[in-house]
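S.K.: Structure incoming, see below.
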Amino acid sequence: MMELVLATRNKDKIREIKNILRGLPVKLFSVQDYPGTPEVEEDGKTLQENAIKKAATIARFTGKWALADDTGLEVAALDGAPGVYAARFAGPDCRYIDNNRKILRLMVGLPRSRRRAQFKCVIALADPKGKTKTVLGIINGYIGLEMKGKHGFGYDPVFVVPEYNKTFAQLGLKTKNKISHRALALEKMKKVLTLLACKKAAAIVASKG
């Protein structure tokens with residue numbers, strides 16, 4: 001079975017990724033399973049740069065394949081902000097609720113037509129030598145007038161999915177993990193992981209033959 005390290009310390013992301021990848025012939029680990037794993041500074045100018053940096057760094061350190069994601073929220077009325085800085089929009093060490101309050105404050109009085117937003121997620125897969133493959137998932141929606149719902153994390157309470165007229169936080173994880181930006185990206189990555197796992201299995205069989 002292929003072994004894969006999730007290059008994140010975010011427990012919410014780990015839980016979500018594990019749920020979406022469930023059923024693959026892949027054994028999942030996280031950086032917590034590898035003491036001394038370096039902190040990776042997310043200083044890239046794009047989601048892709050950050051995702052690649054995280055995956056490649058952890059793959060080299062652990063000697064195993066690694067998977068990382070970087071996610072951004074782009075709001076049209078805010079000229080694409082918070083974008084790549086989504087996790088720290090309200091400042092260093094801010095909480096999810098701080099980010100949500102700031103984005104709602106900046107958009108007070110704007111009609112729905114000017115509250116358009118999109119979530120982007122880049123997933124990077126790296127081998128122990130640092131060679132990477134990336135995929136992209138995007139979902140369009142809009143920023144609600146207030147926080148709604150108790151599920152999920154991050155901007156889930158303010159990001160409304162038009163097809164459901166509910167926020168991610170109202171939809172719950174089961175539905176979110178089928179339609180979200182991260183789910184769409186991971187569905188693409190599933191195909192890559194399945195192919196790699198099959199190749200590894202075939203190589204093992206051939207070596208024993």
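The values are calculated or read from the model by the stated rules, or taken from the named source; none is laboratory data. In this text the structure is predicted, and so the values were computed from the model without any measurement. Backbone-built Cβ (ideal geometry, glycine too); neighbour counts: all protein chains shown.
S.K.: One residue is enough: does region 18-32 have a residue meeting the conditions of a type in the set (D, E, K, R) and under 17 Å from the mean Cα position of the chain (by Cα)? Step through it out loud before you land on a result.
M.R.: So in region 18-32, the residues of a type in the set (D, E, K, R) come out as 18, 22, 27.
Checking which are under 17 Å from the mean Cα position of the chain (by Cα) leaves us with 18, 22.
Looking through region 18-32, at least one residue is of a type in the set (D, E, K, R) and under 17 Å from the mean Cα position of the chain (by Cα).
Rundown of residues vs (1) surrounded by 20 or more Cβ atoms within 10 Å (Cβ to Cβ); (2) modelled with pLDDT under 95, yes/no style:
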| site | (1), (2) |
| --- | --- |
| Lys13 | no, yes |
| Asn19 | no, yes |
| Arg22 | no, yes |
| Leu73 | yes, no |
| Asp79 | no, no |
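S.K.: Show the residue pairs that are 6+ apart or on different chains and have beta-carbon atoms under 6 Å apart, the first residue being within region 106-121 and surrounded by fewer than 18 Cβ atoms within 10 Å (Cβ to Cβ), the second being assigned to a strand (DSSP E or B) and acidic (Asp, Glu).
M.R.: Note: pairs meeting the criteria are Gln118/Glu74.
S.K.: Oh, and also: Considering only region 9-45, state which residues are basic (Lys, Arg) and touching an Asp or Glu at 6+ places or on another chain (Cβ under 8 Å). Break it down into steps so the answer makes sense when it comes.
M.R.: Looking only at region 9-45, we keep the residues that are basic (Lys, Arg), and these are 9, 11, 13, 15, 18, 22, 27, 45.
Once the filter is applied, which keeps residues that are basic (Lys, Arg) and touching an Asp or Glu at 6+ places or on another chain (Cβ under 8 Å), region 9-45 yields Lys13, Lys27.
S.K.: So which of Asp98, Asp156 ends up being among the acidic types (Asp, Glu) and buried (at least 19 other Cβ atoms within 10 Å of the Cβ)?
M.R.: Values: Asp98 fails: buried (at least 19 other Cβ atoms within 10 Å of the Cβ).
Matching residue, one of Asp98, Asp156: Asp156.
S.K.: Moving on to the next point. Give just the number: which of (1) farther than 28 Å from Thr46 by Cα; (2) assigned to a strand (DSSP E or B) does Tyr164 not satisfy?
M.R.: It fails just one condition, (2).
S.K.: Could you check, for region 45-55, whether at least one of its residues is of a type in the set (Lys, Arg), over 20 Å from Ala169 (Cα atoms) and surrounded by 15 or more Cβ atoms within 10 Å (Cβ to Cβ)? Step through it out loud before you land on a result.
M.R.: Of region 45-55, the ones of a type in the set (Lys, Arg) are 45, 53-54.
From what's left, over 20 Å from Ala169 (Cα atoms): 45, 53-54.
Checking the rest, the ones that are also surrounded by 15 or more Cβ atoms within 10 Å (Cβ to Cβ) come to 53-54.
Yes, because at least one residue in region 45-55 is of a type in the set (Lys, Arg), over 20 Å from Ala169 (Cα atoms) and surrounded by 15 or more Cβ atoms within 10 Å (Cβ to Cβ).
S.K.: Report every pair of residues separated by at least 6 positions or lying on different chains whose Cβ atoms are under 9 Å apart, first residue within region 7-25 and farther than 17 Å from Ala59 by Cβ, second acidic (Asp, Glu).
M.R.: The qualifying pairs are Lys13/Asp69; Ile20/Glu187.
S.K.: Among residues belonging to region 61-117 that are of a type in the set (Gly, Ala, Ser) and assigned to a strand (DSSP E or B), point out the one that is nearest to Ala51 (Cα to Cα). Even if it seems obvious, please write down each step before you answer.
M.R.: Just the residues of region 61-117 that are of a type in the set (Gly, Ala, Ser), to begin with: 63, 66, 68, 72, 76-77, 80-81, 83, 86-87, 90-91, 109, 113, 117.
Checking the rest, the ones that are also assigned to a strand (DSSP E or B) come to 66, 68, 72, 83, 117.
On the way: Ala66: 11, Ala68: 5, Gly72: 11, Gly83: 14, Ala117: 21 Å.
Among those that are of a type in the set (Gly, Ala, Ser) and assigned to a strand (DSSP E or B), it is Ala68.
S.K.: Those residues that are hydroxyl-bearing (Ser, Thr, Tyr) and outside any strand (DSSP E or B), I need them from region 139-161; list them, please.
M.R.: First pass over region 139-161, keeping only residues hydroxyl-bearing (Ser, Thr, Tyr): 142, 155.
Correct list: Tyr155 only.
S.K.: If a residue has to be touching a residue at least 24 places away in the same chain (Cβ under 8 Å) and in a helix (DSSP H, G or I) to count, how many in region 27-57 make the cut?
M.R.: Selection size over region 27-57: 11.
S.K.: Turning to a different aspect of this structure: Given the criterion basic (Lys, Arg) and out of contact with any strand residue (DSSP E or B) (no Cβ under 8 Å at 6 or more places or on another chain), identify the matching residue among Lys64, Lys11, Lys54, Lys18.
M.R.: Working: Lys64 fails: out of contact with any strand residue (DSSP E or B) (no Cβ under 8 Å at 6 or more places or on another chain); Lys54 fails: out of contact with any strand residue (DSSP E or B) (no Cβ under 8 Å at 6 or more places or on another chain); Lys18 fails: out of contact with any strand residue (DSSP E or B) (no Cβ under 8 Å at 6 or more places or on another chain).
Within the list Lys64, Lys11, Lys54, Lys18, the selection yields Lys11.
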